[in-house]
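For reference, the structure is listed below as structure tokens.
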Amino acid sequence: MNTLCFELCIENVAAARAAEAGGAHRVELCGTLDDGGLTPCPDLMRAAVNAVSIPVSVLIRPRHGGFVFSPEELDRMRSQIGAAKRAGAASVVLGLLLPDSRVDVARTRELVELARPMRVTFHRAFDQTPDLLAALEDVIATGANCLLTSGGKPDVLAGADTIGRIRQQAAERIEIMAGGGLRLGNLAEVARRSGVSSLHSSLAWNGADPATLEDDLRTAIRLFHEVWSDPVAFTA
């Protein structure tokens, strides 16, 4: 039986506490989540880590836009990784591409090594690569522990079958986490079609009542467990 993991994407301490209360297994902390997310400030990193007992991942992204970074931006990412480590984060989330949209293996590997002993997730920059299965091998070569993907599609429902192929090729070499447009209404189908045991979502929470987030999260995790407890769920 695979270990199930539901990661909630958050941007403040209240959401971190609600995530833990609702049963999330870990959180990804981002700044300006409505705009796609940037690295949160060090004070927010520390506050989130101190507020919960579940693992906190920190997004490392120095600016909006693409994922081809200049030497100066890479220096900022190094500094942000150091801040996440000092704050006590369990992992960081990052992604670097080459100008031709392939994975920047060399510079990503450097950041992965810098981040240790924290875990590293390669984020949905992966979905912009021209050959997802080749890019999977590149991400594995960086030493990253986890890959977040929507299967190269705008959302996980459209990419669920491709995520399943990525998961099969990855085998046990890296954790495959499905994320991007995951909602309560599509969660069960995405889990069945992709076969992943790790899911990532914000559940479209935009600062509403934390109790609502807790309830939605409990529902999401219950649905996830129901899929994995169904002996015929993955036979198709």
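The values are calculated or read from the model by the stated rules, or taken from the named source; none is laboratory data. As the structure is a prediction and not an experimental result, all values here were calculated from the model. Here the Cβ is made from the backbone with ideal geometry for all residues, glycine too, and neighbour counts use every protein chain on show.
Points to keep in mind about this one:
- Within the stretch 91-111, no residue that is within 12 Å of Phe69 (Cα to Cα) and hydrophobic (A, V, I, L, M, F, W, C) sits with its Cβ atom under 7 Å from a residue that is modelled with pLDDT under 95 and assigned to a strand (DSSP E or B) at 6+ positions apart or across chains.
- Any hit, the stretch 126-133, residues being closer than 24 Å to Asp75 by Cα, in contact with a Lys or Arg (Cβ under 6 Å, 6 or more places away or on another chain) and in a helix (DSSP H, G or I): no
- Test: Phe6 is of a type in the set (Phe, Trp, Tyr), closer than 28 Å to Thr219 by Cα and at pLDDT 95 or above: yes
- Tally, over the stretch 177-198, of residues that are of a type outside the set (S, T, N, Q), out of contact with any Lys or Arg (no Cβ under 8 Å at 6 or more places or on another chain) and over 13 Å from Glu226 (Cβ atoms): 8
- Filter result for Ala90 (under 30 Å from Glu189 (Cα atoms) and either polar (S, T, N, Q) or modelled with pLDDT of 95 or more (or both)): yes
- Unique match (being β-branched (Val, Ile, Thr) and more than 21 Å from Val58 (Cβ to Cβ)) among Val139, Val112, Val190: Val190
- Residues that are in contact (Cβ under 8 Å) with a residue 24 or more places away in the chain, buried (at least 16 other Cβ atoms within 10 Å of the Cβ), outside any helix (DSSP H, G or I) and not hydrophobic (A, V, I, L, M, F, W, C) within the stretch 146-185 comprise Thr149, Ser150, Gly151, Gly152, Lys153, Asp155, Glu175, Gly179, Gly180, Gly181, listed in sequence order.
A quick yes/no check of all residues on (1) in contact with a helix residue (DSSP H, G or I) (Cβ under 8 Å, 6 or more places away or on another chain); (2) of a type in the set (Gly, Ala, Ser); (3) assigned to a loop (DSSP other than H, G, I, E, B):
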| position | (1), (2), (3) |
| --- | --- |
| Gly65 | no, yes, yes |
| Phe69 | yes, no, yes |
| Glu73 | no, no, no |
| Ile81 | yes, no, no |
| Lys85 | yes, no, no |
| Ala89 | yes, yes, yes |
| Val93 | no, no, no |
| Leu114 | yes, no, no |
| Pro117 | no, no, yes |
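- Selection count, the stretch 23-48, where residues are surrounded by fewer than 23 Cβ atoms within 10 Å (Cβ to Cβ) and either part of a helix (DSSP H, G or I) or in contact with a helix residue (DSSP H, G or I) (Cβ under 8 Å, 6 or more places away or on another chain) (or both): 10
- Scoring Gly207 on the criteria (1) at pLDDT below 95; (2) surrounded by fewer than 21 Cβ atoms within 10 Å (Cβ to Cβ); (3) out of contact with any Asp or Glu (no Cβ under 9 Å at 6 or more places or on another chain) leaves a single failure, condition (3).
- If you check Thr149, Thr162 for being over 16 Å from the mean Cα position of the chain (by Cα), more than 15 Å from Gly22 (Cβ to Cβ) and among the hydroxyl-bearing types (Ser, Thr, Tyr), only one passes: Thr162.
- Once the stretch 91-106 is narrowed to residues that are of a type in the set (A, V, I, L, M) and more than 13 Å from the chain's Cα centre (by Cα), the residue that is surrounded by the most Cβ atoms within 10 Å (Cβ to Cβ) is Val103.
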